[in-house]
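Bear in mind these aren't lab numbers, they're just calculated from the coordinates by the rules spelled out. Not measured: the values here are computed from a predicted model. Methodologically, a virtual Cβ is constructed for each residue, glycine included, from the backbone with ideal geometry; neighbour enumeration extends over all protein chains shown.
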Amino acid sequence: MRRAGTAEGAAGDRVAKWLARAGVASRRDAERMIAEGRVAVNGRRLADPAVLVEPGDTVTVDRVPIDPPGRARLWRYHKPKGLLVTARDPEGRPTIFEKLPDTMPRVVSVGRLDMGSEGLLLLTTDGGLARRLEHPENGWVRRYRVRIHGRPDPAAVASLAKGITVEGIRYGPIEAGLDAVKGEASWLTVSLREGKNREIRRVFEHLGLPVLRLIRVAYGPFQLGLLPRGGVEEVPAKVLREQLGQDAVRKPKA
């Protein structure tokens, strides 16, 4: 262990990056853990995130040893409605991480789905990979099946392709197509490339069409498919290499 200088990466990663790659938390959350005094290296509690973790160092969070990062791994998870996508909830509400199989390693989510939403959620052991998959520069389409109350005006729905501002928040282009109308409810397929918090719900509420059900069915090249509710399935390393390149699944040096 040593304090980071100008040669970061030559002998190790900054501790927050190391924790993110180990799947403990995002780098930002790891930095917060360090500030709270929850992280130690070789028994020494840290207050400074500018510390490099070197081969052979022992890292603990809340006195629990953390396994060093291995190669990046990715899973598809069918999130059920009613679960939070968070490591811990102060109100004690159920989270996805409490429902994952005991055989799963420590993982972080790629983005989030709110408690009332369901469908495809990607999970990874590598916080750096999570940030890469979340980044808008990917241009990846996130596709949803959305059930709304009411019958949408075709012109209003088509106008979403130009983006829309709701309560001072600007949302980017949204592609929406009507699939079916059943009584007072309608099913749409909705696609966007950069989802803000509760974006679909807020936009359709603004149009007077409250969302009754929201299911994510695709995130870029990864599909929900026939994965059962609550099911989790690892994406083969070969597929990761094909979609993201060899560097995405490399095993770190430290």
- prompt: When we measure straight from the Cα of LYS182, which aspartates and glutamates land under 20 angstrom away, once same-chain ones fewer than 8 places off are left out?
  reply: ASP153, GLU205
message: How high is the relative contact order of segment 141-219? Use alpha-carbon pairs under 8 Å, at least six apart in sequence, and give a whole percent.
response: 47 percent
- request: Return the label of the correct value of Cα Rg over 2.2 N^0.38 Å, as calculated from the structure shown, out of (i) 0.97; (ii) 1.14; (iii) 1.06.
  value: (ii)
- prompt: What ranking do MET104, MET33 get, fewest neighbouring Cβ atoms within 10 angstrom at the top?
  reply: MET104, MET33
- request: Please build a GNM for the chain, connecting alpha carbons under 10 Å apart, and tell me which residue among GLY172, GLY128, GLY92 fluctuates the most.
  value: GLY92
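Quick check on packing: order 19-27, 189-197 by the mean number of other C-beta atoms within 10 Å, highest mean leading. Could the numbers behind the result be given before it?
On the way: 19-27: 23.7, 189-197: 16.3.
Output ranking for 19-27, 189-197: 19-27, 189-197.
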- line: 1/(1 + (r/R0)^6) with r = Cβ-Cβ of ARG147 and ARG28, R0 = 41 Å, i.e. FRET efficiency to nearest 0.05, evaluates to 0.75
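Please rank LEU123, LEU100, LEU83, fewest neighbouring Cβ atoms within 10 Å first, as an exposure proxy. Show your work: numbers first, answer last.
Details: LEU123 25, LEU100 17, LEU83 21.
Placing the least packed residue first, the sequence is LEU100, LEU83, LEU123.
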